[in-house]
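Here's the structure we're looking at; comments come further down.
Laboratory data are not the source of any read-out in this text; all were calculated from the coordinates shown. Remember, it's a predicted structure, so these values are computed and weren't measured experimentally. Positions of Cβ are generated from backbone atoms using ideal geometry, with glycine treated the same way; all protein chains shown enter the neighbour counts.
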């Protein structure tokens, strides 16, 4: 089972190097685990093409089985934890940055509570460095931030990469432009996220780099409020791609336009937890489900390094 778990992490991280970091083992040791698993199963899980490893059909079946076994393990740990605690409610406290609180945490909690509906989940919010401190001081069980954060005593588990998108209301003149670059942002009426947040820092860095200065009409720390005001004042905004679900855009008659310079500037959303936190079955289940949630729609065949 240990080798199967290691194999699943390689598939999800799409890299032996990143997977070995997550598992806290050397890359050669991880390669030996994969080879041992292939020997035990009598099949090739990966097919080497040059420097790349591609998942075979047998590997896909093996990964799907690993995911199902994780689910069964989570259910078992959850049931045993309730038994040990005298059937009392299980609790979990998550520390989230302002952006992840709005763009990532709601869907993740919905996914988690499908398997564990009786878990009492609490959320504390703060800036990224404040969430790091919360995790270190164990004021929260786990942190969710829009960055890769290296800190002694903490494990950073990357979940997905994200970038900003230009969002326009119905009737906006830029809807008729075939292409939009950062140059078109100059003097553009916009509603931006409040200063001090990661996404605002990223925006200001981009504006400075490309020497563009938008006409900032409002600064708000709520994605929902920004969305509602776009049509009212006919302004544009920049929001993370992970937040822009189809239903949200349709309900508010909004259009997303890609800007190449924005797509090149990516940020990684990650989980943060202390090195011994996964020993707690509730935290372990949340970590496993988060990893599964953000990889469940990836193609079965992926490139590995």
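Quick notes on this one:
- Helix 27-41 axis versus longest C-alpha principal axis of the chain: approximately 60°, rounded to the nearest ten.
- Among 278, 240, 106, the residue with the largest mean-square fluctuation in a Gaussian network model of the chain, with springs joining Cα atoms closer than 10 Å, is 106.
- Cα-based shape type of segment 123-171, given that a ≥ b ≥ c are square roots of the gyration tensor eigenvalues and the cut on a/c is 1.5: prolate
- Extension gain, residue 255 back to residue 151 (0.36 nm per residue minus Cα-Cα distance, nm): 33.6 nm
- Sequence-distant contacts, meaning Cα pairs under 8 Å at least 6 residues apart, place the relative contact order of segment 164-264 at 50 percent.
- Calculated FRET value between residue 120 and residue 205, using beta carbons and R₀ = 41 Å, to 0.05: 0.60
- Efficiency of FRET from Cβ geometry, residue 64 and residue 268, R₀ 22 Å, rounded to 0.05: 0.30
- Model label points for residue 275 and residue 31, set 7 angstrom from Cα along the Cα-to-Cβ axis, are 2.5 nm apart.
- Relative contact order of the chain, pairs being alpha-carbon contacts under 8 Å that are 6 or more residues apart, as %: 26
- Segment 1-72 versus segment 142-214: alpha-carbon centroid distance in Å: 34
- Between residue 228 and residue 47, the modelled label-to-label distance comes to 5.3 nm, taking each label 7 Å out from Cα in the direction of the beta carbon.
- Here the mean projected area of the convex hull built on the C-alpha positions of the chain is 18.0 nm².
- Take the Cβ atoms of residue 187 and residue 133, set R0 to 45 Å, and the FRET efficiency comes out at 0.70.
- Shape category assigned to segment 164-264 from the gyration tensor of Cα positions, a/c cut at 1.5: rounded
- With helices as the sole contributors, the chain gives -13500 deg cm²/dmol at 222 nm; each DSSP H run of n ≥ 4 counts as -39500 (n - 2.57), and the sum is divided by every residue.
- Within a Gaussian network of the chain (alpha carbon springs, distance under 10 Å), most fluctuating of 93, 179, 128: 179
- Separation between Cα centres of segment 234-285 and segment 88-127, rounded to whole Å: 15
- Spacing of the modelled spin labels on residue 246 and residue 218, each 7 Å from Cα toward Cβ, amounts to 2.8 nm.
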